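The values are calculated or read from the model by the stated rules, or taken from the named source; none is laboratory data. Note that the structure is predicted; figures quoted are calculated from it, not measured. For neighbour counting, all protein chains shown are included, and Cβ atoms are generated from backbone atoms with ideal geometry for every residue, glycine included.
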Amino acid sequence: MDLQSKLDHLPTKPGVYLMKSKAGEIIYVGKAVNLRNRVRSYFQQSRHQSPKTRVLVEHIADLDYIITDTEIEALILENNLIKQHSPWFNVRLKDDKTYPYIKVTVNEDFPRVLLVRKRLNDGARYYGPYTNVSAVRSTIKVLRKLFQIRTCNKNIKEGQRDRPCLNYHIGRCAGPCAGLISREDYRAIVDEVCLFLEGRHERLIPSLREKMLEASQSLNFELAARIRDRIKALEQIVEKQKIVSAAQVDQDVFGFARAGDLACVQVFFIRGGKLIGRDHFMLDCRADDQPEEILTAFIKQYYYEQVIIPKEILTSEELTETELLSEWLTNRRGSKVYFLHPKRGDKKALVEMVTENAQMLLDVTRAQAERKEKEISRGLWELAHILNLSEPPQRIEAYDISNIQGNQVVASMVVFIDGKAVNDHYRRFKIQGVEGAPNDYLAIQEVIRRRFSRGLREQKGEVEGDKFSEFPDLVLIDGGKGQLNSALAVRDHLGLTIPFISLAEKNEEIYVEGESEPIILPRESQGLYLVQRIRDEAHRFALAYHRHLRSKAARKSILDQIPGIGPKRKKALLKHFGSVKRIREASIEQLCEVDGINLALAEEIYQFMHDS
């Protein structure tokens, strides 16, 4: 069905629409209370259309839509799809995949507090996302110290009687694995952790004082002392929090600043009138996006990930979908959520303060980006000068070999375009033709041969695909003169004229084709800094792949050789018994206690383990 036919048959129901380019790429995701009216409006000629809409329509070659029951369902689905596809014409959080969360595993009998990168629908409680990883790690460290939350990965059940670890003996764990604290008492501590993360100190500290009094009255002076120390630490944290609002109400305050296609949103978290924290997010947007559209799009994405919803949300811009957002968040919070765009008074002053912070952060970010661009440009020109290139190399490829005593030999290929890493172009190789003692020369020859032979065949149309068809302006080899000469031999055999260089790590010497002596650049040289950065990235990527293969090999065990034992049953056996040794010592009856293990399979496992 062509685009016009789809437009003619659009339903009048709520839903989400996905605009696609000629290549089938999703370039915009939107929602509508009436799909027919909203989507068809894009294609109606009007002088009131924004430049962004006109450019978007020029790129639309196809569209899909998903019907929902309500507009709120459409809003939630829209958020999901924007996060999944990162469409070019939508406002997007910059690098939002890297933002960490604090995860409290309340789905476990004895929960833990973890730093995680993904939010799963697993019954745990998530706080964040946060942009400052160091601050998250510091917070988790404080929590573990104050509340004696366990850090181990054990699947602990009530009544377990393991030997307590070192953390228990130094007062960093309550010892649930040794049965030294009941599930009920431990969960009470976890509730305190959640109150801390929610900024509910006004509820947490009085509760702790009551527990301290109960402990002292029960003559449990050791517990009372621990709670006393916890109260003191929390009071010190509270003292550092600034009172910014006379109203005893929970608020999130958003300030907005933008410059071209980059925007910054600063958020202050106010609980009970006190500023308990702040965070900021950089956004990718288009230069002709309106401020209220950008901030509305951000608010949707932000609160989709948030667990804590305040009563009031103050914004520096008038949002475009206030009623819908309020209804959505009210349903999630369980009580009314108010969106305010204050025009006067203390709340306006508060929003202005947050907006000033957003502008300052944006100015700093832009200045850093401009300085980095200048440094990269200078580094590329330095490389062009010392290598006698007619112009700075646009595409640079770097290769590195990783192995341990000749085992699991791998190679990496990383790509930098205009001095910036392009992860989508990275490739990795398992070296196949090198056996026995480590031989980096043969390994580098193999990877160069495989990469450029494949590229030549793709360019000639002999094989399908284009992963290797684009050739670099410069190749960087990690190593010395020997590695460079080995790579050059393969390049010359293939009839290529691409310049190759190598960087020797010991003295950071650059070896160039045809020169017996290396080039030694000054330590402050931007050209040296650039090739070091590229070399280090190639080394990191190769090492990561090597570790992955080693870990994969290490996970293999005798259980993989037993007929009828797949990954699921293997996991169940190890979870139940804890080790291969205990599985070997188990009786047939004990093996039958494991989920998914029947009598016949238990006998098979028992026989195999004892025969081996």
**OP:** Identify, by number, the condition in (1) farther than 18 Å from residue 87 by Cα; (2) surrounded by 13 or more Cβ atoms within 10 Å (Cβ to Cβ) that residue 28 doesn't meet.
**Re:** (1)
**OP:** Please list, ordered by first then second residue, the pairs with beta carbon atoms under 6 Å, 6 or more apart or interchain, first in segment 185-205 and within 17 Å of residue 107 (Cα to Cα), second among the aromatic types (Phe, Trp, Tyr).
**Re:** 186/110; 189/147; 193/147
**OP:** Give the residues of segment 123-142 that are in contact with a Lys or Arg (Cβ under 6 Å, 6 or more places away or on another chain) and either not in a loop (DSSP other than H, G, I, E, B) or not assigned by TED's automatic domain parsing to the domain that holds residue 227 (or both), sorted by residue number.
**Re:** 126
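Conditions tested, residue by residue: (1) in the same structural domain as residue 328 (by TED's automatic domain parsing); (2) modelled with pLDDT under 90; (3) not aliphatic (A, V, I, L, M).
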site	(1), (2), (3)
27	no, no, no
31	no, no, yes
42	no, yes, yes
45	no, yes, yes
Original post:
Which of the following residues is free of Cβ contacts under 8 Å to residues at least 40 places away in the same chain, over 23 Å from residue 266 (Cβ atoms) and among the charged types (D, E, K, R): 372, 336?
Top reply: 336
Subject >> Test set (1) farther than 21 Å from residue 119 by Cβ; (2) under 18 Å from the mean Cα position of the chain (by Cα) - residue 294 fails condition number >> reply: (2)
Original post:
Quick one: would you say residue 467 is within 18 Å of residue 396 (Cα to Cα), in contact with a strand residue (DSSP E or B) (Cβ under 8 Å, 6 or more places away or on another chain) and surrounded by fewer than 21 Cβ atoms within 10 Å (Cβ to Cβ)?
Top reply: yes
Original post:
In segment 343-355, is there at least one residue being part of a helix (DSSP H, G or I) and on the phi > 0 side of the Ramachandran plot?
Top reply: yes
**OP:** Working carefully through the options 265, 253, find the one that is outside any loop (DSSP other than H, G, I, E, B), under 21 Å from residue 87 (Cβ atoms) and of a type outside the set (S, T, N, Q).
**Re:** 265
Original post:
Hey, among the residues in segment 588-611 that are surrounded by fewer than 12 Cβ atoms within 10 Å (Cβ to Cβ) and part of a helix (DSSP H, G or I), which one's modelled with the lowest pLDDT?
Top reply: 611
Original post:
Is there a residue being of a type in the set (Lys, Arg), in a helix (DSSP H, G or I), assigned by TED's automatic domain parsing to the domain that holds residue 233 and under 20 Å from the mean Cα position of the chain (by Cα) anywhere in segment 143-162?
Top reply: no
Original post:
If you go through segment 365-384 one residue at a time, do you hit one that is among the polar types (S, T, N, Q), assigned to a loop (DSSP other than H, G, I, E, B) and loosely packed, with under 13 Cβ neighbours inside 10 Å?
Top reply: no
**OP:** Return yes or no: is residue 126 surrounded by 15 or more Cβ atoms within 10 Å (Cβ to Cβ) and either under 30 Å from residue 158 (Cβ atoms) or of a type in the set (D, E, K, R) (or both)?
**Re:** yes
Original post:
Of the residues in segment 275-302, how many are of a type outside the set (Lys, Arg) and in contact with a Lys or Arg (Cβ under 8 Å, 6 or more places away or on another chain)?
Top reply: 11
Original post:
Does residue 237 fit the bill of being part of a helix (DSSP H, G or I), at pLDDT 85 or above and either under 22 Å from residue 354 (Cβ atoms) or within 33 Å of the chain's Cα centre (by Cα) (or both)?
Top reply: no
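Let's see how each residue does on (1) of a type outside the set (A, V, I, L, M); (2) surrounded by fewer than 18 Cβ atoms within 10 Å (Cβ to Cβ); (3) farther than 30 Å from residue 184 by Cβ; (4) out of contact with any His (no Cβ under 8 Å at 6 or more places or on another chain):
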residue	(1), (2), (3), (4)
69	yes, yes, yes, yes
94	yes, yes, yes, yes
101	yes, no, no, yes
109	yes, yes, no, yes
121	yes, yes, no, yes
131	yes, no, yes, no
134	yes, yes, yes, yes
142	no, yes, no, yes
146	no, no, no, yes
Original post:
For segment 32-45, what are the residues that are assigned to a loop (DSSP other than H, G, I, E, B) and in contact with a helix residue (DSSP H, G or I) (Cβ under 9 Å, 6 or more places away or on another chain)?
Top reply: 33, 42, 43
Subject >> Candidate set from segment 502-533 (those that are within 20 Å of residue 442 (Cα to Cα) and within 34 Å of the chain's Cα centre (by Cα)); member that is surrounded by the most Cβ atoms within 10 Å (Cβ to Cβ) >> reply: 502
Subject >> Where a residue in segment 165-184 is in contact (Cβ under 8 Å) with a residue 40 or more places away in the chain and under 14 Å from residue 226 (Cβ atoms) and its partner, wherever it lies, is of a type in the set (Lys, Arg) and crowded, with 17+ Cβ neighbours inside 10 Å, with Cβ under 8 Å and at least six apart >> reply: 171/226
Subject >> Qualifying residue in segment 41-52 (condition: closer than 15 Å to residue 89 by Cα, within 30 Å of the chain's Cα centre (by Cα) and in contact (Cβ under 8 Å) with a residue 60 or more places away in the chain) >> reply: yes
Original post:
Given the conditions (1) over 24 Å from residue 499 (Cβ atoms); (2) at pLDDT below 85; (3) of a type outside the set (Val, Ile, Thr), which single one is not true for residue 516?
Top reply: (1)
Original post:
Looking at (1) in contact with a strand residue (DSSP E or B) (Cβ under 9 Å, 6 or more places away or on another chain); (2) at pLDDT below 80; (3) closer than 26 Å to residue 103 by Cα; (4) buried (at least 18 other Cβ atoms within 10 Å of the Cβ), which is the one condition that is false for residue 204?
Top reply: (1)
**OP:** Tell me, yes or no, whether segment 439-461 has at least one residue that is out of contact with any His (no Cβ under 7 Å at 6 or more places or on another chain), in a loop (DSSP other than H, G, I, E, B) and surrounded by 14 or more Cβ atoms within 10 Å (Cβ to Cβ).
**Re:** yes
Original post:
Regarding residue 83, is this residue surrounded by 15 or more Cβ atoms within 10 Å (Cβ to Cβ), farther than 22 Å from residue 282 by Cα and within 17 Å of the chain's Cα centre (by Cα)?
Top reply: no
